[in-house]
């Protein structure tokens, strides 16, 4: 049980600045998900906390204690790696207990802990197997077991689900969340998958091109994305973006159609309007959209099309829906997100 | 038809390799005079088998008994193989897993020695060993042959494909450099080590030039030197005895290859780490 605090953490490789002054604090038992496309510095951040990299400057505090200079093993932090990094020549039990054996924990204690951890993860029958005799999901569990068995102050997850197939990913995602809740261990989870980010995190940190862009609970990130990048990244299918010009309360689309916005945004002439596919309303007296692709997914239908001015638009409707050549759609002003067309920042309200 | 041709070529290859061996085996049991005249029969004379017992206990005229030379050769090959593996594993470990100043310089210095054939540096090496007073010692026979750029580079290749995460996981588990080497790296590379051991053992066993220079004491004669001495000294070469010794000289490397075959093949072919 611990809190984590990062103060002005920087990391540069030569003249490449991967991280520029990260300040972050995690409450006890909190699960923070860092999400972003590759190259946003999220893995480096994790490795700095783990102690696998040394920061250029700044400090890492675990439970108020400065651990910046400590060896990874001395930090009392466990990490789950993307490719699991199981020791190929050791059995499941040996893999899980290796850290304890190094620390000279008595054999009886180790046996009891291995059994307890295996029980927690449903690995009881697999303890004698080698990693190569396990399925992807089982390997993932062993990797988790290796982290849990040490009763660390903190867990680090480095994209632990990205090597699994889709069905297993959903299952393991729920399992990780359940375990983390149950054990109440402060966790830092890094991913590029927005669904994982939404479902796992107590709070989300969205990073883009080396800088943090939003730090908030998942639903707030979803409801009020701070920038157009976040808006497009979080939520699936991705948000639609329509260029528009502002004229008082009215936003004029490229086609000339005007939408009355709830608020005025003085000082901003050109904006980007964002609307999630599920918020687009299909109505007979709406804007005409030329349909070019229909994807029936069973429980919902995705309709890809273009507005009169050529702006692509994706519409999501629940259930099956007969679709002709043209669909008439309405963009409810209350559901619109307004971003500055230049820097992509969200405009208030 | 194609199959027949393929098999024909393989069989021809096998014969090409096997025939000389068979001739030695058959020749060792025959009358030395007949061999000298060129009347070597391909059918072994079973009555001549006692030559093996003969050479094992007494050796060639003026030479050490063959069992002793076999022992020296075995000791030398084993020491060289083990020594080479220890040194090259350690140096490959250093250049692969550690960041230290002049790491790449160290790597290139090792690499460059590959370009020099051993014969080029044999005189300076002799001078160094003589300076240490190691002429005519077992150490002098083996130590200079231990450092191996080839083995170092091979192990570096093996270590490079080991995922970084494996080392990082071990670090998080609390394993220091020595523990990681012992608990993770060596077991994971066991197949490669076994394969290289076989190659290096045979390499050590076949050494000729260096033992000839550094060990003039007959007590340190290796089996290879012994065979040469048997041919050179006598006016009337006892070919059956020479051939018998050659057969005996063949056995230990063959035994090593057969014993290690399983790991040897696995080490050369296995991809996944």
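The values are calculated or read from the model by the stated rules, or taken from the named source; none is laboratory data. Here the structure is a predicted model, which means the values were calculated and not measured. Note that we place each Cβ from the backbone using ideal geometry, even for glycine, and neighbour counts take in every protein chain shown.
Things worth noting here:
- Residue within the range A:214-223 that is part of a strand (DSSP E or B) and touching a strand residue (DSSP E or B) at 6+ places or on another chain (Cβ under 6 Å) present: yes
- Scanning the range B:148-189 for residues that are within 8 Å of chain A (Cβ to nearest Cβ), part of a helix (DSSP H, G or I) and in contact (Cβ under 8 Å) with a residue 12 or more places away in the chain yields B:166, B:170, B:183, B:184, B:188.
- Residue match in the range A:241-256 (condition: in contact with a strand residue (DSSP E or B) (Cβ under 9 Å, 6 or more places away or on another chain), surrounded by 15 or more Cβ atoms within 10 Å (Cβ to Cβ), not assigned by TED's automatic domain parsing to the domain that holds residue A:311 and not in a helix (DSSP H, G or I)): no
- Conditions (1) out of contact with any strand residue (DSSP E or B) (no Cβ under 9 Å at 6 or more places or on another chain); (2) surrounded by 14 or more Cβ atoms within 10 Å (Cβ to Cβ); (3) farther than 26 Å from residue A:28 by Cα; number of the one not met by residue A:195: (3)
- Qualifying positions in the range A:257-286 - in a strand (DSSP E or B), within 30 Å of the chain's Cα centre (by Cα) and crowded, with 18+ Cβ neighbours inside 10 Å: A:271, A:272, A:273, A:274, A:275
- Search result, residues across the range A:1-46 that are free of Cβ contacts under 8 Å to residues at least 40 places away in the same chain and under 17 Å from the mean Cα position of the chain (by Cα): A:44
- Within the range A:34-84, considering residues that are within 20 Å of residue A:151 (Cβ to Cβ) and part of a loop (DSSP other than H, G, I, E, B), the one nearest to the other protein chains (Cβ to nearest Cβ): A:81
- Residue tally, condition in a helix (DSSP H, G or I) and on the phi > 0 side of the Ramachandran plot, over the range B:124-147: 0
- Within the range A:91-109, the residues that satisfy the criterion of being surrounded by 19 or more Cβ atoms within 10 Å (Cβ to Cβ) and either within 13 Å of chain B (Cβ to nearest Cβ) or within 15 Å of residue B:180 (Cβ to Cβ) (or both) are A:95, A:96, A:97, A:98, A:99, A:100.
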